[in-house]
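Let me begin by presenting the structure, written as structure tokens, before commenting on it.
The values are calculated or read from the model by the stated rules, or taken from the named source; none is laboratory data. Note that the structure is predicted; figures quoted are calculated from it, not measured. FYI the Cβ positions are ideal-geometry reconstructions off the backbone, even for glycines, and counts take in every protein chain you see. In case anyone asks, the SASA skips ligands and DNA or RNA and just uses the protein heavy atoms, side chains included. Shrake-Rupley method; radii C 1.70, N 1.55, O 1.52, S 1.80 Å.
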Amino acid sequence: MIKDFIRKRSIHVCLICTGGCNGCDIEVAALLSKRYDLEQYGIYYHNNPRECDALLVTGHVAKQWQEKLIELYNKVPEPKAVLAIGACALTGGIFQQESDKTGAPVSNFIPVDAEVPGCPPRPAEIATAILKYVPGVLASYSK
Ligand code: SF4
């Protein structure tokens, strides 16, 4: 009950880096800085998938991450949304040539609701995508 009440007013996001150069992760981290101040939009970041509404997935889904990504996705309570962030998550990016080690795109493993292209995408683009897509995905579950 309390959780439903809180969730109507805030979005909790969890970042999963599945392999890459960490450039995208740095841009996500920048959202927490004073410049972008993600919390002013009611978006809160933490690391427990059991407590989040949306997964932000970066990286090319390296071999060792493939099963783990599915496990983490299954731990997120319904309703949930997934944003694939960065060229690596969407296509494999600079890791495409290592096809035996990369599983990208992320949508090969879990359902993806929105994609944020770029190498890396800017923090403002990531914040815009969270605000544009996540509330809609979460609301569509209650219809
Ligand atoms: S998309 Fe670019 S910045 Fe992001 S993890 Fe891949 S190589 Fe790094």
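Listed values, structure above:
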{"quantity": "Search result, residues across the stretch 67-84 that are touching a residue at least 40 places away in the same chain (Cβ under 8 Å), outside any loop (DSSP other than H, G, I, E, B) and surrounded by 15 or more Cβ atoms within 10 Å (Cβ to Cβ)", "calculated": "69, 72, 81, 83"}
{"quantity": "Any chance residue 90 is within 16 Å of the ligand (Cβ to nearest atom), touching a Leu at 6+ places or on another chain (Cβ under 9 Å) and open to solvent by less than 60 Å² (accessible area, probe 1.4 Å)", "calculated": "no"}
{"quantity": "Residue that is farthest from the ligand (Cβ to nearest atom) [pool: residues in the stretch 104-136 that are of a type in the set (A, V, I, L, M, F, W, C), surrounded by fewer than 18 Cβ atoms within 10 Å (Cβ to Cβ) and under 16 Å from residue 81 (Cα atoms)]", "calculated": "131"}
{"quantity": "Scope the stretch 31-59; condition open to solvent by 60 Å² or more (accessible area, probe 1.4 Å), assigned to a helix (DSSP H, G or I) and either over 12 Å from residue 72 (Cβ atoms) or of a type in the set (A, V, I, L, M) (or both); matching residues", "calculated": "39, 40, 41, 51"}
{"quantity": "Residue ID - nearest to residue 123 (Cα to Cα), chosen from residues in the stretch 43-63 that are without any contact (Cβ under 8 Å) to a residue 40 or more places away in the chain and of a type in the set (S, T, N, Q)", "calculated": "47"}
